[in-house]
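The values are calculated or read from the model by the stated rules, or taken from the named source; none is laboratory data. Note that this is a predicted model, so its numbers are computed, not measured. So basically every Cβ, Gly included, is an ideal-geometry build from the backbone, and we count neighbours across all protein chains shown. Surface accessibility is based on the protein's heavy atoms, side chains included, excluding ligands, DNA and RNA. Shrake-Rupley method; radii C 1.70, N 1.55, O 1.52, S 1.80 Å.
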Amino acid sequence: MSDNASMDGHPPNLSSIPAGDSSLWADASPLLQAACTGLRDGELIHGDNFNLFAAMSALEIMDPKMDSGIVRTYYSIDEAIENGAAPIPISPDSTIDVQCTIDIMDHLLACEAAWHKGHSLAQTVFSCIYLLRLDRTAPHALLHSYCRVVRATCKAVVSVVSDARTHEEEDLFTMVYGLPLNGDGDDKCLSMLNAVEETISRQLRACKAASSKRRLPEDLEPLQSNPNLEEGFCKALLCRLRFRKHFFHILACMKRPQGRGLESARKHIASCMTELDSILKSADFVRSCFGESCEGDIDEKTTASGHEPIGFDATLNSRLSAPMPPRAIKILSWKKAVEYFVKLLHDLDAICSYSLDPHLESLLRFVVQFQKSQPDLVARSHLQLLSVQDGKLYGRDPFFAVITKAAALPEATKNHDIQKNESIVQLGMLVMNLLKILCTNAAWQRRKLGKLLQDWRVIYLQLELAFRNEFGEVSSSSNDENICMKIFQHILLWVEEQTYWIAFRFLILGFELELYSTSEYCMVYWYLYAVLIKLAEKTHLKMAVSYDTAKRKGKKKKDSPKDLARESRIPPAVLFLQCYICLAEGLTMMLAALRNEISVFQSPGPFNTEQEKFAQHFELLQRACIPDHVSYPSYKESTTHARFSTLAMYNYFKDAQRMVKEVKSSFSNDPDRLAELRKLEQVAEHNSVAQNLICRLGALDPSLKVSFEFSHHPFFATVVVKRS
């Protein structure tokens, strides 16, 4: 018995459903209709063994969101083609044929953007019947070449995302479910597109020659029958074809090993941006070619003309969309699709313009900065593949060499046999994994970082144990010339520093994901302060050891006053972290004082106590003992006695302002750090004024209202004080 019936109550053509050896199809519509009339809302037909568990996994017949077997228009692709859903040629009128071809191109672009945003390939790009039966388009050179490049582009994007293994965020992205993604001759798709492009370019030159009354080549046939529209159609088609060509080149160039194709990719990105601009400018002409105006808001349409394209039916692939009920999706509008590709190109350009700095710290900063623009899956996959290739950084630097450089060890140590130590090998894998995780979306990133912290803590303990087994207690060893000992010492310090950096990243991602309520800010900033203190301490210690190593290498017998002054000065990187520390401590104490004095921002019940919320937010950090001896009782002890009077005695925000001014000159050549310092300065300045106002009026003026907003910085709140 078939559960396939059309939505309007008319049964499908049963002749199109052949009977098998062991199956006979019958029309179930009368039975279903009778059941519908006899059931009240909320009732369902079920057997005696039907239970709640079965109800959770049951499918509702005839519900388009549940029943993937439902037939809307056509049962199969062949039936759709037989009924003229995707004609070749599209129209006997050549002008209409060109117009419809442009509509197909525009709608495919919108479908591709929707796919990149996480919808299934079957319900987006491959809702195009021409793509599903590409061999049929061979007589139509323009449509055939365009569809071939679209298919090859989809294959390239699937390959990149699959290789990067970031598709677990969007499980549907790389699932092709038997779609015709691999086609013979797709490796020659660009040559076919170039031939069509050349033909249209010659036609455009001929149009321009005609307008200047020059002699026309006799062998050229116009694209369509209206000479007044020929030049406009040539331009509209060329920019669409050239965008496709350059975008395919970008994907090919960016996949070259060791970043060798990045410079070429940037040139193609610039060309793509130019063509997208031309595509947008062609919209007025394309729209004017249709005599009648389209219905509805033109900005919500999936084509530049505003008309529905020919040759698309997303329901044909509903059985191929996923091993689950099909999603109800909305294809992006044409304008939003263009905007998506503009942003994607900007993100890819940012990746291509990166200098492939061999210093891990620089790469981590770049990835974090890149993530601030909220890049989509395709751009992040490219960044990951560039960062980690063949188990090496950028495909060229072994991770042990990267670690020794990050740990401020001499260049000669990168080839030391200690790299074969099992714990060192595992550390290299952790660094590789960290880079991959940082290229995922914010939600996945935070979840994975929380779990990764325990691995970093374990590897530190393993390295420390190996170090003690090899050299005994650190304090009792005096053999500074032992290179193995030096490598272990430096790497241990660096692993600790990196572990606290991961913990810091884990905490601030909670602000980006809006995981913290205002009543929880106090505990979050307190924990952030505790992590930053340890991070600054380990960073300073690593730099001190590095300076000491460099000093010994220079073999100076006597320290000059200049060297002593340099040695006693706090490094700019540590001062930068101290700006964070002052802001975190200032916000912690202010929130604690507000809670203690006037009972605001207290954790509301009745379901979770404050201690339970503390455990929920910091469980992964606590499990990894990051930092040591930090617990809910120590948090309560630190904040219980905060009062307005203690705030008035010491202003942490003024300290932050002073440090920002002091450290600015050290980052004059680093625009990203300078921009961050300016943001911190704004937060410190506003919060310093707010703190003075709260201390002066807080307990005396009940109409005073305090709120927090992130107008100047993504994770350090700005305090807003108003009278109600």
- Message: Against the condition modelled with pLDDT under 95, open to solvent by 10 Å² or more (accessible area, probe 1.4 Å), touching a helix residue (DSSP H, G or I) at 6+ places or on another chain (Cβ under 8 Å) and more than 30 Å from Leu132 (Cβ to Cβ), how does Glu218 come out, does it pass?
- Response: no
- Over region 101-148, the set of residues in contact (Cβ under 8 Å) with a residue 24 or more places away in the chain and assigned to a loop (DSSP other than H, G, I, E, B) is Lys117, Gly118, His119, Ser120, Leu121, Ala122, Gln123, Thr124, Arg133, Pro139, His140
- Task: May I ask you to say which residue of Lys188, Lys155 is in a helix (DSSP H, G or I), closer than 25 Å to Lys336 by Cα and either without any contact (Cβ under 8 Å) to a residue 24 or more places away in the chain or open to solvent by 60 Å² or more (accessible area, probe 1.4 Å) (or both)?
- Result: Lys155
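Condition test on Ala122, is it modelled with pLDDT under 90, farther than 28 Å from Ile90 by Cβ, open to solvent by less than 60 Å² (accessible area, probe 1.4 Å) and of a type outside the set (Val, Ile, Thr)? Spell out how you get there, then give the answer.
Working: modelled with pLDDT under 90: yes; farther than 28 Å from Ile90 by Cβ: no; open to solvent by less than 60 Å² (accessible area, probe 1.4 Å): yes; of a type outside the set (Val, Ile, Thr): yes.
No.
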- Message: Residues that are among the small types (Gly, Ala, Ser) and either in contact (Cβ under 8 Å) with a residue 40 or more places away in the chain or under 30 Å from Ala379 (Cα atoms) (or both): does region 201-220 have at least one?
- Response: no
- Task: Go over the candidates Phe667, Phe716, Phe653 one by one and state the one that is within 28 Å of Ile570 (Cβ to Cβ) and touching a Pro at 6+ places or on another chain (Cβ under 7 Å).
- Result: Phe667
- Where Gln682 falls short, out of the listed (1) of a type in the set (S, T, N, Q); (2) modelled with pLDDT under 95; (3) closer than 25 Å to Met659 by Cβ: (2)
- Note on the structure: Checked pairs for region 482-495, first more than 17 Å from Met543 (Cα to Cα) and open to solvent by less than 50 Å² (accessible area, probe 1.4 Å), second in a helix (DSSP H, G or I) and not polar (S, T, N, Q), C-beta under 6 Å and 6 or more apart or across chains, list as Cys484/Ile418; Met485/Phe471
- Task: Scan region 278-313 for residues that are open to solvent by 40 Å² or more (accessible area, probe 1.4 Å) and modelled with pLDDT under 80 and jot them down.
- Result: Gly291, Glu292, Ser293, Glu295, Gly296, Asp297
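The rows are residues; the columns are (1) within 30 Å of Tyr354 (Cβ to Cβ); (2) open to solvent by 60 Å² or more (accessible area, probe 1.4 Å).
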residue: Ser645; (1), (2): no, yes
residue: Phe653; (1), (2): no, no
residue: Ala656; (1), (2): no, no
residue: Asn669; (1), (2): yes, yes
residue: Leu674; (1), (2): yes, no
residue: Ser688; (1), (2): no, no
residue: Arg696; (1), (2): no, yes
- Message: List pairs: first residue in region 88-100 and in contact (Cβ under 8 Å) with a residue 24 or more places away in the chain and outside any helix (DSSP H, G or I), second residue open to solvent by 20 Å² or more (accessible area, probe 1.4 Å) and of a type in the set (D, E, K, R) anywhere in the structure, Cβ distance under 9 angstrom, at least six positions apart or on different chains.
- Response: Ile88/Arg136
- Query: Among the residues of region 507-517, is there at least one that is closer than 30 Å to Ala593 by Cβ, surrounded by fewer than 17 Cβ atoms within 10 Å (Cβ to Cβ), at pLDDT below 95 and in contact with a Ser or Thr (Cβ under 9 Å, 6 or more places away or on another chain)?
  - Reply: yes
- Take Ile250 and decide whether it is in contact with a Leu (Cβ under 8 Å, 6 or more places away or on another chain) and in contact (Cβ under 8 Å) with a residue 12 or more places away in the chain. yes
- Task: Return the residue satisfying two criteria in turn: it lies in region 584-603 and is of a type in the set (Gly, Ala, Ser) and surrounded by fewer than 23 Cβ atoms within 10 Å (Cβ to Cβ), and of such residues it is farthest from Asp655 (Cα to Cα).
- Result: Ser603
- Note on the structure: Counting only residues that are over 16 Å from Ala141 (Cα atoms) and either open to solvent by 40 Å² or more (accessible area, probe 1.4 Å) or out of contact with any Ser or Thr (no Cβ under 7 Å at 6 or more places or on another chain) (or both), region 77-95 contains a total of 9
- Message: Among the residues of region 446-465, are any modelled with pLDDT of 95 or more, buried (at least 19 other Cβ atoms within 10 Å of the Cβ) and in contact with a Pro (Cβ under 8 Å, 6 or more places away or on another chain)?
- Response: no
